[in-house]
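Just so it is clear, none of the values below were taken in a lab; they were calculated from the coordinates. From a predicted model like this one, the values you see are computed outputs, not experimental measurements. Neighbour counts run over all protein chains shown; Cβ positions are idealised from the backbone, glycine included.
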Amino acid sequence: MVPDGMGLAEVTAARIFRFGSAGPSLALETLPVIGLQRTHSADSTVTDSAAAASAWAMGEKFTNGEISCHSAADPRCRHQAPTILEMAQAAGKSTGLVVTSVISDATPAAFAAHVHSRRCAAEIVRQYLEESRVDVILGGGLGRKGDFCPAYPVSFEWPDKRAALVELATEKGYARVIDKSSLNQAIKENKPKILGMFEQNGKDRGKTAELFRIDAFLGYPEKEPTLAEMTAAALTLLERNRKGFFLLVEGSRIDWNNHANDLRGQIAEVLAFDEAVKTVLEWVEAEPARKEATLILIAPDHGTGGFAITGPEGRLAQAGEIIDGAWAGKGHNATDTLLRSQGPGSQKLAKTLDNTDLYKVMAEILGY
Ligand SMILES: [Zn+2]
């Protein structure tokens, strides 16, 4: 589970908003094993999400912008080693990607595609459907960006790319879902593969349910599933496989709100992510066998903005209160990020690691 661009102070700010300075913990704070990871990429002290997620997915350092592909060695990425998701699939497990950004964004892409640039959105989705054959894909629809990718001369051009990919998905046996009710229907009908590209604007530029709650704004599109609801749906679909599953869940827009130095948005997105963590923890707790067999790993890919809490001083902030905060800037930063985990392999995560080490721990519990 990836809270993209989330530093430690962001957790404190969200917790205080939810419960007050002296209140209980968020769900994500209850994971018992704590570690740290360094995040630099192959070419930069400060990483981007593409290189960071590729390091987790492949166990090697990549250059910023690369999606599980060393482009200097092979710009078409024909001969790459498998990602951790592809290894899980090869071991007979089911696989899923659940995000609040567009489904082709850098973090999910690094687990299920190999391309020289994160901008290759259409090619990334084609690889999800045809190459890595991810079982459950839930997130925002394809945006307008990301089509400039001369290394992959796909046979269709924008604006028809989206339609062509939907057609390809149907051909490959995916049930296409577009809102909460069609998602529920697909679960009820026990569909083997699901592609959910939800309201494009809702996920591209819009708000999550949590942000609307903060604003006390009632216009949130009821039809749009929250991150927690998409996560619950994915668990229901993936747990049908008795051999288990690999699932990536990303709170994609904690990063975006830190880039914008938007404190309300940042708090809302951390809380939306925490709801998804709560969903996973409840699923795991429901059966002892699940708890015994499931590694849950919460790992921010990097910090964004360098956020710090500066007040209030001299009194305790109450629930519902937005603390005083400040950012050091608007870009990513190189501060180590906090790892939280539980389950098999988690004891190996209780120290300072490199982001490539997470791959090793995941690969080991997959039996590689
Ligand atoms: Zn970012």
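Things to note:
- Under the Karplus curve 6.51 cos²θ - 1.76 cosθ + 1.60, θ = phi - 60°, whole-Hz ³J(HN,Hα) for the range 230-246, x wherever Gly or Pro sits: 5, 5, 4, 4, 4, 4, 4, 6, 7, 6, 5, 7, 5, 7, x, 7, 10
- Shape of the range 277-368, Cα gyration tensor, a/c cut at 1.5: oblate
- Net charge over other residues, Cβ less than 9 angstrom from the Cβ of Thr352 (K, R count +1; D, E count -1): 0
- Pair-distance profile P(r), taking every C-alpha pair of the chain, with 20 angstrom steps and integer %: 31, 61, 8, 0
- 10 °C / 1.306 mPa s Stokes-Einstein diffusion coefficient of the range 36-121, Kirkwood radius on C-alpha pairs, µm²/s: 123 µm²/s
- Protection proxy ranking of 113-121, 350-358, 262-270 - average other beta-carbon atoms within 10 Å, highest first: 113-121, 262-270, 350-358
- Cα long-axis angle, helix 161-171 against the chain (0 to 90 degrees, to the nearest 10): 70 degrees
- Cross-link pairs beyond the 26 Å C-alpha cut-off, checked among Lys191/Lys348; Lys291/Lys351; Lys93/Lys191: Lys191/Lys348
- Pairwise label distance in nanometres, Ala328 with Lys243, each label 7 Å out on the Cα-Cβ vector: 4.5 nm
- Taking the Cα centre of the chain as reference, the dipole from Cβ charges on Lys and Arg (+1) and Asp and Glu (-1) amounts to some 500 debye.
- With Cα atoms, 0 to 90° folded angle of helix 8-19 axis to the chain main axis: 70 degrees
- For the chain, with +1 on Lys and Arg beta carbons and -1 on Asp and Glu, the positive-most of Ala286, Met6, Phe273 along the dipole: Ala286
- Likely footprinting exposure, Thr294, Thr236, Thr231, Thr45, fewest C-beta neighbours within 10 Å first: Thr45, Thr236, Thr294, Thr231
- Cα-based helix-to-principal-axis angle, 49-58 vs the chain, degrees rounded to 10: 70 degrees
- Length gained on full extension, Leu36 to Phe19, computed as 0.36 nm times the residue gap minus the Cα-Cα distance: 3.6 nm.
- Working from label points 7 Å from Cα in the Cα-to-Cβ sense, the Asp354 to Ser44 distance is 1.9 nm.
- When only the Cβ of Lys, Arg, Asp and Glu is charged (+1, +1, -1, -1), the dipole of the range 248-368 relative to its Cα centre reaches about 140 debye.
- Within-11-Å neighbourhood charge of Asn64 [Cβ basis; K, R +1; D, E -1]: -1
- At full extension, Arg133 and Lys291 could sit 54.2 nm farther apart than now, given 0.36 nm per residue minus the alpha carbon distance.
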